[in-house]
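The values are calculated or read from the model by the stated rules, or taken from the named source; none is laboratory data. It should be emphasised that the depicted structure is a prediction, and the values quoted were computed from it without experimental measurement. FYI the Cβ positions are ideal-geometry reconstructions off the backbone, even for glycines, and counts take in every protein chain you see. Quick note on the areas: whole protein, heavy atoms, side chains included, nothing else; ligands and nucleic acids left out. Shrake-Rupley method; radii C 1.70, N 1.55, O 1.52, S 1.80 Å.
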Amino acid sequence: MCVEFEGRATFVLVYLEEAHPIDGWMFDAVVHKVTQHTNSKERHDAARVLQRELHAAIAAAQREALADATVTMPNILVDSMANLASATFGALPERLVLLVGGDVVFLGGKGPEDYSVAECKAALAALC
C-alpha cells in the first residue's frame with residue numbers, strides 16, 4: 001500500500017464476513033447492499049467489489065493529486081466461511097495487525113473507532 005516499505009513488508013487486506021449486511025446490522029449510509037455471505041462464492045464476489053472500489057478510489061485520488069503516487073493497491077485475501085481470521089485476530093469489523101514470521105508483533109485496537117494507522121505505521125517503521 002505504501003512504497004515506503006516496499007521490499008520490507010507485504011501488505012494484505014483480509015476481507016471478513018460482511019459487517020453491515022441488509023439481513024443483519026445495517027445502516028442507511030451503506031452503499032453496497034449485500035446479504036450476509038452464505039457461501040465462499042458470495043464472499044469472494046463481495047471481495048471483488050471491494051477490490052474494484054479501492055482501485056477506483058486510489059486512481060481517482062491520484063488523478064486529483066489527493067494521494068501520494070506511492071499508494072498502491074493491497075493484496076486482498078478472503079477469510080474462510082468459518083471466519084478463522086476474524087476470530088483469530090478479533091478483527092470484526094476491522095483491525096490493523098503486523099505479523100513477522102507468523103507471530104503477531106502489533107495488534108491495533110478494534111476499528112474503526114479504536115485503531116490508529118499512524119501507530120501501526122510507527123510500529124512497522126521500528127521493525128524495518
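Look at segment 73-100: where a residue is farther than 18 Å from LEU127 by Cβ and a partner is among the charged types (D, E, K, R) and part of a helix (DSSP H, G or I), sitting 6+ places away or on another chain with Cβ atoms under 9 Å, you get ILE76/ARG48; VAL78/ARG43; ASP79/ARG43; SER80/ARG43; MET81/ARG43. A single member of ARG48, ARG52 is under 25 Å from GLY7 (Cα atoms) and of a type in the set (D, E, K, R), and it is ARG52. Here LEU50 passes the criteria (1) in contact (Cβ under 8 Å) with a residue 12 or more places away in the chain; (2) assigned to a loop (DSSP other than H, G, I, E, B) except the one numbered (2). Taking segment 74-94 as the range and being part of a strand (DSSP E or B) and either touching a Leu at 6+ places or on another chain (Cβ under 6 Å) or open to solvent by less than 70 Å² (accessible area, probe 1.4 Å) (or both) as the test, the residues that pass are ILE76, VAL78, GLU94.
In this structure, does HIS32 turn out to be at pLDDT below 75, closer than 21 Å to ALA91 by Cβ and surrounded by 13 or more Cβ atoms within 10 Å (Cβ to Cβ)? So HIS32 fails the test. In segment 95-103 there is no residue that is at pLDDT below 95, open to solvent by 50 Å² or more (accessible area, probe 1.4 Å), closer than 15 Å to TYR15 by Cα and in a loop (DSSP other than H, G, I, E, B).
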